[in-house]
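Read through the structure below, which is laid out as C-alpha cells, and then see the notes.
The values are calculated or read from the model by the stated rules, or taken from the named source; none is laboratory data. Only a predicted model underlies this, so the values are computations on that prediction, with no experimental measurement involved. Neighbour counts are summed over all protein chains in view; Cβ atoms, including those assigned to glycine, are modelled from backbone coordinates with ideal geometry.
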Amino acid sequence: MSDLSMQEIAKHLRKPSGKNGKEVAKQMNKGNQHLCLNSYKLLKPKPNSLILEIGMGNGFFTKDLMGLDHNLEYIGLDFSQTMVDEAIRLNQKLIDSGKVSFIKGSIENLPFKDNSIDYITTTNTIYFWPDLSKNARELYRVLNPNGKILIAYRPKKVLDNLEVSNYGFNKYTRNEVESLLAEVGFKNISSKEISEPDFHIQGKSLQMIGLYSTGIK
Ligand SMILES: C[S@@+](CC[C@H](N)C(=O)[O-])C[C@H]1O[C@@H](n2cnc3c(N)ncnc32)[C@H](O)[C@@H]1O
C-alpha cells in the first residue's frame, strides 16, 4: 500500500478493487473508526427497524451497529464488488443470523421500493456522489415517512489539508450538505461536529473533525 501513488489511493478510496483495494479498505478502518462508530451512535436506531448503509466498504463496523440493539435489520450496499465480497467474508455470522445482508448497487439507482427503509446512513461517500441532488432525492424516495438520513463526512476545511482529496473528491461544507437535504425535502435538519484525536500523516499532525448531518423525511 505504501508504494501506491496518491492517485491510486484516491481511486481505491472512491471504489476499492482487487488486492490493493482490500488493503486500502483496511487502512480506512483505522482512519475512519471514529467517524463510522460515531455515525452509528448518532443514528440511534429504534428496535425493529431496517437500516440501509450506502458505501459500507468492507463492513468492518457493521457488528458495532448491530450491537446497538438486538432487533435491527441491516442492508449494506456498495458499488464495489471487492467490498461486497469482503463485507460478506467478515460478517458471515451476522449474515447467518438472517438480519444482515450485503448487496452490490449504486446510490444512483437503489433497488428498493418507495417508503421502505427506516434509516439510511452513509459515511465518507458524499465526496463521490455523481449527481448530488439526484442522489439525495433517491435516498429520500426509499426512506419511510419519518425515516432518518445521516450523512457522515470530513468537511471541506479538513479535506483541504489532505493531499489525497485533490484527486477526484468533491468537498462540502456543513451549509452545503444541510442545503442539499433541505432542497430534496428533508425536515428537522441539523449537524453535529465531533473532534477526533489528531491524525498523523507525512510528518504532519492534522486536527480531525467529523461532521454528521441528519434530516427526517
Ligand atoms: C471512502 S470509502 C468509505 C468506506 C466506509 N464507509 C468508511 O467510512 O470507512 C467509500 C465507499 O463508498 C463506496 N461508494 C462510492 N460511491 C458509491 C456509489 N455511487 N454507490 C455505492 N457505493 C459507493 C465505495 O465503493 C467505498 O466502499
| task | Quick one: which residue in LEU90, LEU77 is surrounded by fewer than 21 Cβ atoms within 10 Å (Cβ to Cβ) and among the hydrophobic types (A, V, I, L, M, F, W, C)? | result | LEU90
| request: Could you please let me know if GLY55 is small (Gly, Ala, Ser), modelled with pLDDT under 95 and near the ligand (Cβ under 8 Å from one of its atoms)? | output: no
| Residue match in the stretch 62-78 (condition: at pLDDT 95 or above, farther than 25 Å from GLU176 by Cβ and within 11 Å of the ligand (Cβ to nearest atom)) | yes
| message | Criterion first (part of a helix (DSSP H, G or I), away from the ligand (no atom under 11 Å from the Cβ) and among the aliphatic types (A, V, I, L, M)) does VAL158 satisfy it? | response | yes
| query | Within the stretch 25-50, which residues are touching an Asp or Glu at 6+ places or on another chain (Cβ under 7 Å) and more than 8 Å from the ligand (Cβ to nearest atom)? | reply | HIS34, LEU37, TYR40, PRO45, PRO47, SER49, LEU50
| said: Considering only residues that are of a type outside the set (A, V, I, L, M, F, W, C) and touching a Phe, Trp or Tyr at 6+ places or on another chain (Cβ under 6 Å), which ones fall in the stretch 65-108? | reply: GLY76, SER106
| task | Quickly run through the stretch 18-41 and pick out the residues that are free of Cβ contacts under 8 Å to residues at least 24 places away in the same chain and among the aliphatic types (A, V, I, L, M). | result | VAL24
| query | Out of GLY147, GLY168, which single residue is under 25 Å from GLU8 (Cβ atoms), surrounded by 12 or more Cβ atoms within 10 Å (Cβ to Cβ) and over 16 Å from the mean Cα position of the chain (by Cα)? | reply | GLY168
| Can you name the number of the only condition in (1) β-branched (Val, Ile, Thr); (2) surrounded by fewer than 22 Cβ atoms within 10 Å (Cβ to Cβ); (3) in a loop (DSSP other than H, G, I, E, B) that ILE107 fails? | (2)
| Odd one out for LYS93, checked against (1) more than 28 Å from ILE201 (Cα to Cα); (2) part of a loop (DSSP other than H, G, I, E, B); (3) of a type in the set (D, E, K, R) | (2)
| Restricting the search to the stretch 10-29, which residues are crowded, with 18+ Cβ neighbours inside 10 Å, in a helix (DSSP H, G or I) and of a type outside the set (Lys, Arg)? | ALA10, HIS12, LEU13, GLY21, VAL24, ALA25, MET28
